[in-house]
Every structure is written in structure tokens, then in C-alpha cells.
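The values are calculated or read from the model by the stated rules, or taken from the named source; none is laboratory data. Model, not experiment: these values are computed from the prediction. FYI the Cβ positions are ideal-geometry reconstructions off the backbone, even for glycines, and counts take in every protein chain you see.
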Amino acid sequence: MCRLLHVVPPSSNPYFAQDVILFQQSYTGLDLYLGWYPICAMTIALKFGINVTMSHAFGGVNTTCFGGGPVLKHNNIPGTPPSSGVCLEKIGNGSYLDMTALPDGSNRVLLASQSGKIWLATLPEEGSGKVMVLDESNPFLDLTDQVHFDSEFGLMGIAFHPKFEQNGRLFASYNCDKVTSPTCSGRCSCNSDFGCDPSLLPSKDGGQPCQFHSVVAEYSANGTALQPPSTWMRLLPQEVRRILTMGLPYSAHHGGQILFGPEDGYLYFMMGDGGSKGDPQNFSQEKQSLLGKILRIDVDNVASAKAINDLGLWGNYSIPRDNPFTENKDFKPEIWAMGFRNPWGCSFDATRPSYFLCADVGEEMFEEVNLVSKGGNYGWRVYEGPSVYNDTNSKVTANSSTMKSSMNPIFPVMGYNHYEINKVKTGSASITGGYFYRSTTDPCMYGRYLYADLYGGNVWAGTENPDDSGHFSTNLLEVKCAHDSPVACSSDAGTSALPSLGYIFSFGEDNRKDVFILASNGVYRIAHPSRCNFVCPKENATLRAAPSSPIPRSSASGQGLRSSIIMQLVLFLLITIRMSSL
Ligand SMILES: [Ca+2]
């Protein structure tokens, strides 16, 4: 689905199984879905929220094929997760698209709205009962004059330079409209480098091809180093350099997140396929296009004008020497990884910087999380998730079989089918990637990867087992609001314990590695489990006030019995399927 971030009327899309053989059985109210993919990956989704296990390829090597048969592995059904719930406290009512912590170890963050304003905010202590301090009338940086703000357009990302304290450099990624903004001008992403003619692209959603652009710009908060942090509330940063400007073919799927690599200090820029159903021009697999790619650029060393021209760069930056395709002229040198549809919510694991996880929004069937490696091809638009994507309207259909055999895709490590979060096999879904949780606030969440769906309000935790294997099992989490939340959480009708978050736009992380959910209804922090009466054996109860009336959770033995029944059903089905296929 598209990510309609501002205007978000969920629309329906028909689920269709593509090459998936779908079995559905219903036993005593529990729906069991078994998808068997021709690429030898299999998902089993147990529809009552206990467990979803995905087989996948890690680092380009399919680890789940054994003689062509499907294999169920790393299924954590027999055990119980340390906690199946997440406790939130609401610390503000504002709606933001991106959060980034000041790189000074403080409790300050920048929060950016899609409309183009950035505020410096001070976070309260967890459990203090206090709210976030943010002066709406006093933005740190106001880009609303430059930003084109509409459904998927806007201010999409912000990032501090790792040495911001010394150099005052910060970066913003946004969209602009060349018709209304004099500073909005750049090459079209559909160009002669790969035989793309923008005049042949259909106009979509009121805009001409390459009327709208993606921009990365650098700003300077000069004087930051000279002033104590307490005076940073308003430094009036000025744009000092246009890093990159690129015209967009359509009006959707242009990612826009920016991140500095924690180890290499390079800027990663997430770019989608540019929009239109099924990536009809095959931009994501086009080696000479920056669309559908994760880009990695050096903003500390700007190439000479000659080098920029010779390399065909899109602005003022240089190419890191160890980018994967610096020696391969078939590829644009900015490309770090390719084959994405609309990456949304990428993060580096704070304790393992080589773990770079990126959610990628799916088309009609599958939402995915990828473990991104240098030079990897993540499949779109030949694959959606782990299954072949076919669209008869696409340019690539005729030669897709050739591409499939030559591309060696890396399949997602986590994800969900659209039908899993919709009551029927239709409906919208759009993944919001999050973080490996590395805070001590919820010890039972430590080391698990959090992600969510934009529309459904579903939040999952992925647990890697064994460590560093790239194999994840995932749990749909029960989400509750702390009884002492600083701002009262609005509730879904009839379920007073469940907070109504609205649309989950993004996750954020502060310097303590606390994780925040940025939703249309406000800003929420993951709090101590006991504040929601969740039982986490690892939580130090002596440091927390005892919950007044613990709510018993479903017993482990009950879950174990239910899991055992499901395991038997799974095995029975596998044997039946295997036998019938022989
Ligand atoms: Ca993919």
C-alpha cells in the first residue's frame, strides 16, 4: 500500500495470492494460514497473535531449503516470550513524522512535522508524570515555505551530523514543488541514463512527472558549539548547502528518511520506487536509477565540480570509497542496496551497528523488514516479500523470468501478510519500521526488534534466535497505556485498557535508547511493564511501585496447551500436503 501519511483514508485492495498456495483451516475459532512459496520459503501465521515464523534468505543465501521441501524452523511456540505486552505512557498530543536525539547525551530531541516544522523538545523522566516540553509557537527550524506538504509529501526526515556539538550541522529531507518553490530544481529521476523519457510518463495526482522533487539539504546552527545546550532552543539554522535534489516520476513512494551510519559517519538516504502501482518502469531494479534504493553518501567531503559532473552525481557530496559499486559502472555509485518499494523506518541496532534493519512497504500482499547488507538486492518489483510479484501492466513482465534467475534476492527477515491484520482478505496495510529495543526501561523487550502497522495499530516484537543468526520469530504485542500516563490515552470504544494511537507514523529513540511511538494521536514512550500491570520477571520490582491490582495474564500452561494443539495441526497439515504432492 501507499503510505498516506497526512490524508489517511484506508482503502481496500484485493488480496490475491499470486504464486502462493494458500491453505486455510479453521479449528475451534483459530485460523491457520499456511502459505507455501515456490521459492522455498514458508510462512505460518497463527491468527491469534502468538507467533509468526518466517523462513528467509540471509545474506543472499537461502537457509531454509532442504531438498525442496518447506521446513518449519525457529518456531518459538513451545516456549513463552518474556512478555507479550508493551506498556506506553503518553507524553504529548502532537503528531510528528520523525524524531532524532541531540547527539550530546541529553534528554533533548528534535521532532519534525510532515508540514515542515522542526522543534527542539525536552523529554521527561520516564514515570515522572511529566509531559514533554515543546513550544509549538517557537520552532527550531521552519521549512514550510520550501516544503510541499500533501498526503505522502512533506518534511520526511531530519538528522544531526554525528559531530553536531562541534560543527552545528544538521540535515533535512523533504519534498518540494518546482511550480511553487524557486529553490526546487533538479534533474529528473526518469532520464536518458537508462532510456527513461519523462514525457512518456503519465501524469498522476495533479502533478507532471518531475514536478515534485526529493531534497536533502544541510543547515547550520552556527554558534552551537559556543553556547551551552540550555540556549539551543532557537538558533535559526540556515540552509548552507543543497546536498541532493531529484525529480520524482509520480507522487508516492519516495521514502525520505536520512540517517548517519553509527560506525562510518556516512549519510544513508532511503528512496522508494517513485510510485505508481507495481513500479511499472522497474526503477527499483534499474542499476542506473536512484529510485528504490538505499543510498550512502559522504557529506563531509564534497566532490569537485568536475567529479560531480563526471560521476553524474545528484548534488554536493562524494562517494565513499567502499560503496559496493564504485568499481562497477553498471550501477550508480551512490547505491548501497537496491530493490526497495518504499523503505520506511530504518535503524541501526545501537549495540550491533552492522545490523541495519529497514522496513519496506508492500504493494498488495506483504509488509516486510529487511536486514540490509552492502550491495544487497531486496527483490522489489520482481518479488513482493518472499513471493513473486506479477503485474501484467509492467514493463518488466516480459523478461521477469530472466531477472528472477539472475538477481539473487535477499528475502525479508520479518513481516506480515495484509490479511493477518484485516478481518477479511482485503484491506490496507503499511509497515512502520522501528528499533532494536536497547533501553533498560522494559527489560523484557531488550534486544527485540519493534515494528508496527500504520493503519491497524498493531505492534510486533521480533526475537532473534539464535543471536546473530538473522532468524526471527515475531509476536503481536498487546498494547496498553500506563495507569499513571502523564497524558491520558484516548481509548478504543469499549476497551478502556487499550490506547487508541491512531496512525503509527514512526518510531523514535532517545539518548537513553528509550523507544517512542510517533502516532497521529500523540507521542508515546515504552514504559516500565508494571505500570500496565504486565508481568516481566526481569523487571526490578523493588525499584517500581507495586501495581495496585495486578491483572492475571493468560497462563503459560494454557498457552502451552493451545500451542501444542496448533503444532500438531501444523505437522498434520505439512504431512498431508507433502503426501499429496508426491
Ligand atoms: Ca523485498
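Could you tell me whether Ser284 is on the phi < 0 side of the Ramachandran plot and among the hydroxyl-bearing types (Ser, Thr, Tyr)? Yes: the conditions hold for Ser284. For segment 324-379, a tally of residues being part of a loop (DSSP other than H, G, I, E, B), touching an Asp or Glu at 6+ places or on another chain (Cβ under 9 Å) and aromatic (Phe, Trp, Tyr) returns 4.
So that you can scan it fast, the table gives a plain yes or no per residue for (1) crowded, with 16+ Cβ neighbours inside 10 Å; (2) within 27 Å of Leu155 (Cβ to Cβ); (3) touching a Lys or Arg at 6+ places or on another chain (Cβ under 8 Å):
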position: Gly274; (1), (2), (3): yes, yes, no
position: Phe283; (1), (2), (3): yes, yes, no
position: Ala303; (1), (2), (3): yes, yes, no
position: Glu327; (1), (2), (3): no, no, no
position: Thr351; (1), (2), (3): no, no, yes
position: Tyr355; (1), (2), (3): yes, no, no
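When you scan segment 164-176, how many residues do you find that are of a type outside the set (Gly, Ala, Ser) and touching an Asp or Glu at 6+ places or on another chain (Cβ under 9 Å)? Residues meeting the conditions: 6. The number of residues in segment 311-343 that are of a type in the set (Lys, Arg) and more than 26 Å from the chain's Cα centre (by Cα) comes to 2. Here Val109 clears all of (1) at pLDDT below 90; (2) not in a loop (DSSP other than H, G, I, E, B) except the condition numbered (1).
Of all the residues that make up segment 341-365, how many are modelled with pLDDT under 95 and within 14 Å of the ligand (Cβ to nearest atom)?
At the first step, the residues of segment 341-365 found to be modelled with pLDDT under 95 are 353-354, 363-365.
Filter once more, so that each one left must be within 14 Å of the ligand (Cβ to nearest atom): 363-365.
Looking only at that region, the number is 3.
Would a scan of segment 374-392 turn up a residue that is within 17 Å of Tyr268 (Cα to Cα), of a type in the set (A, V, I, L, M, F, W, C) and either over 17 Å from the mean Cα position of the chain (by Cα) or within 12 Å of the ligand (Cβ to nearest atom) (or both)? No: zero hits. So, of the residues in segment 267-308 that are assigned to a loop (DSSP other than H, G, I, E, B) and within 13 Å of Pro320 (Cα to Cα), which turns out to be nearest to the chain's Cα centre (by Cα)? Looking at the filtered set, the residue picked out is Val299.
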